[in-house]
């Protein structure tokens, strides 16, 4: 190996090395950033129903959205829906979300055979567990 | 003269990186298709992420002390091994992020902490694979000169029967390698899960990536038998046609594996066959490419 070749080789080496260390440095500093900004706060899970209810073949689809605005991840988040017509529970629905990390939003839908607009629809988060 | 030399230096450097990435894919792809690792990544605390990077650094450094992913001839010095280690980890992080994006496990909606956890935990086996790149399939590049000396004799004596034989050997090598990897992944629940998340544009991206990685492993990376492969005779002599042929064989193998484990049945719609097979096609092609090298 001649001297010039060695010098050129080290240029190529240094360029790739600096790109590589840049990637590593970015990842490490992002981890550091999340560490510093960690909210030591239990999960705060809330469910909201979206306005548009679709009716297809006599079934009523009620879309919902679950958000975890707390700090930790919630596991097995259980969402329950109750449809009250004339003060009586006529239909219920249940859905489970596997993982909901901090700031994450998941969507889904409940399906009823009676029109939710005719009664009162209650959505609530039943339970979750900590991983 | 100088520019030519410079080009060669860059080419060998890029080849080093591609070889490393291919080794990583061979080693890391089964874990990239494991949902438990995604979950662990989503749940893990930042302290543990730092520990994972440190652990990865130490192990890859030790591997690089023994034999690195690059074909190094000059030094066994500690700074060199450190540089190799940083590069191996960066290759691992970049390739894992890419595959996770491709599998729709990372989306713009994924939170920063979750994405970091997934990328870091998936890249641990990947970085090990990068460091092991040379050892995985053995390195006989030093024998190039001899091979070239011998080969002209061989190629003149080759006849049509040999061509068919070589093609058959290629196809069976691909089948064996693809089946080995597809066997590990086909019975798991990841394939239906991933297939559900992949829309047609992502499936096309999946096909393109499979072809690229397969081509990279066999023809670019300079693993053990690369020189031999370029001189391999057979019906599919050109690198591009061989890559496509092996991809199709791998797809067949993965469709068969999915059917074998009853993940697909004949009453399922053809779209389901298509997306499931394409999802399993990526790991299967990587296995197939390795299988072709092994024969």
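Within segment B:30-38, can one find any residue that is closer than 14 Å to residue B:126 by Cβ, modelled with pLDDT under 85, surrounded by 21 or more Cβ atoms within 10 Å (Cβ to Cβ) and more than 11 Å from chain A (Cβ to nearest Cβ)? Scanning segment B:30-38, I find no residue that is closer than 14 Å to residue B:126 by Cβ, modelled with pLDDT under 85, surrounded by 21 or more Cβ atoms within 10 Å (Cβ to Cβ) and more than 11 Å from chain A (Cβ to nearest Cβ), so the answer is no. The number of residues in segment A:43-79 that are outside any strand (DSSP E or B), in contact (Cβ under 8 Å) with a residue 60 or more places away in the chain and exposed (fewer than 14 other Cβ atoms within 10 Å of the Cβ) comes to 0. Considering B:267, B:250, the condition of being assigned by TED's automatic domain parsing to the domain that holds residue B:191 and in a loop (DSSP other than H, G, I, E, B) is satisfied by B:267 alone.
Is it true that some residue in segment B:110-130 is at pLDDT below 80 and farther than 30 Å from residue A:106 by Cβ? Taking every residue of segment B:110-130 in turn, none turns out to be at pLDDT below 80 and farther than 30 Å from residue A:106 by Cβ. Taking the numbered list (1) at pLDDT 80 or above; (2) surrounded by 15 or more Cβ atoms within 10 Å (Cβ to Cβ); (3) facing chain A (nearest Cβ under 10 Å) in turn, residue B:63 passes all entries but (3).
On the basis of being closer than 30 Å to residue B:16 by Cβ, in contact with a helix residue (DSSP H, G or I) (Cβ under 6 Å, 6 or more places away or on another chain) and within 14 Å of chain B (Cβ to nearest Cβ), does residue A:23 make the cut? Even if it seems obvious, please write down each step before you answer.
Details: closer than 30 Å to residue B:16 by Cβ: yes; in contact with a helix residue (DSSP H, G or I) (Cβ under 6 Å, 6 or more places away or on another chain): yes; within 14 Å of chain B (Cβ to nearest Cβ): yes.
Against the criterion (closer than 30 Å to residue B:16 by Cβ, in contact with a helix residue (DSSP H, G or I) (Cβ under 6 Å, 6 or more places away or on another chain) and within 14 Å of chain B (Cβ to nearest Cβ)), residue A:23 qualifies.
Picking from B:164, B:175, which residue would you name as being surrounded by 14 or more Cβ atoms within 10 Å (Cβ to Cβ) and either assigned by TED's automatic domain parsing to the domain that holds residue B:281 or out of contact with any helix residue (DSSP H, G or I) (no Cβ under 7 Å at 6 or more places or on another chain) (or both)? Show your work before the answer.
Details: B:164 fails: surrounded by 14 or more Cβ atoms within 10 Å (Cβ to Cβ).
Result: B:175 is the single residue among B:164, B:175 that is surrounded by 14 or more Cβ atoms within 10 Å (Cβ to Cβ) and either assigned by TED's automatic domain parsing to the domain that holds residue B:281 or out of contact with any helix residue (DSSP H, G or I) (no Cβ under 7 Å at 6 or more places or on another chain) (or both).
Can you find, within segment A:33-42, the residue that is nearest to the other protein chains (Cβ to nearest Cβ) among those that are surrounded by fewer than 15 Cβ atoms within 10 Å (Cβ to Cβ) and in a loop (DSSP other than H, G, I, E, B)? In this case the residue turns out to be A:37.
Are any of the residues in segment B:221-237 closer than 17 Å to residue B:170 by Cβ and either crowded, with 24+ Cβ neighbours inside 10 Å or at pLDDT 85 or above (or both)?
yes
One residue stands out among those in segment A:83-105 that are surrounded by 17 or more Cβ atoms within 10 Å (Cβ to Cβ) and within 14 Å of residue A:116 (Cα to Cα): the one that is nearest to the other protein chains (Cβ to nearest Cβ), which is A:93.
The values are calculated or read from the model by the stated rules, or taken from the named source; none is laboratory data. From a predicted model like this one, the values you see are computed outputs, not experimental measurements. Don't worry about glycine lacking a Cβ; one is built from the backbone with ideal geometry, like all the others, and counts go over all protein chains shown.
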